[in-house]
Amino acid sequence: MKKIIVFIVILLVLVGGFWVVTPRMTVSSINKAIVENDDKRLEELIDFNQLRQNIKAQIVSAMDDNLPKGKRKNALVDIAAKFTASAVDNIVDSVITPKGLAAFIDGRKYLSGKEKDKDYFKNASYSYNSYNSVTVWIENDNPERSGLVLQLSGISWKVVDIKIPLPDLK
């Protein structure tokens with residue numbers, strides 16, 4: 001009976017260790033890929049299709065939240081909203097790329113290749129949203145923090161969303 005309890009405790013410690021350590025290993029791999037301008041590695045660590053969809057949803061939601069209450073049912077506003085949503089789709093699709101994400105993490109400046117030892121996640125904090133979701137909060141040049149949302153995919157973690165501090169669009 002003691003062997004079973006010891007085995008279960010060891011198993012729980014290993015699973016807990018995996019859950020705590022592997023997101024940090026993924027973030028370290030992302031940092032290394034950014035520093036080395038390794039687009040292929042970034043594509044392995046980031047689900048760009050899901051990321052693009054989530055960013056589009058954030059932007060459209062922020063724009064919708066900032067519409068005046070009485071203007072939401074206006075036909076002209078509907079046409080403008082559809083045009084804007086289409087423009088957002090095109091912009092997000094062209095910007096959310098390995099290089100675009102690297103620029104976002106670097107405080108919205110493009111990498112120059114001079115900072116080979118830079119740790120973009122040195123002051124990052126981690127918040128575990130659920131057993132399969134972690135948000136990595138990034139400190140950068142902006143006063144508001146940005147966050148990468150990682151989701152467990154099999155036995156590895158992938159970036160699926162970015163929490164962007166959107167400005168007030170009014």
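The values are calculated or read from the model by the stated rules, or taken from the named source; none is laboratory data. Quick caveat, the model's predicted, so the values are computed rather than measured. Here the Cβ is made from the backbone with ideal geometry for all residues, glycine too, and neighbour counts use every protein chain on show. Heads up: the accessible areas ignore ligands, DNA and RNA and are worked out on the full protein's heavy atoms, side chains in. Shrake-Rupley method; radii C 1.70, N 1.55, O 1.52, S 1.80 Å.
Results, tabulated for the structure shown:
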| quantity | calculated |
| --- | --- |
| Positions within segment 21-51 being in contact (Cβ under 8 Å) with a residue 60 or more places away in the chain and among the β-branched types (V, I, T), in sequence order | T22, T26, V27, I30, I34, V35, I46 |
| Hits in segment 22-40 (condition: open to solvent by less than 80 Å² (accessible area, probe 1.4 Å) and either farther than 19 Å from I138 by Cβ or of a type outside the set (V, I, T) (or both)) | P23, S28, S29, N31, A33, N37, D38, D39 |
| Failed item in (1) assigned to a helix (DSSP H, G or I); (2) at pLDDT below 80, with Q50 passing the rest | (2) |
| Count - residues of segment 85-116 that are in a loop (DSSP other than H, G, I, E, B) and modelled with pLDDT of 65 or more | 2 |
| Tabulated pairs, segment 121-146, first farther than 17 Å from M25 by Cβ, second modelled with pLDDT of 85 or more and surrounded by fewer than 16 Cβ atoms within 10 Å (Cβ to Cβ), C-beta under 6 angstrom, 6+ apart or interchain | W137/S125; R145/W137 |
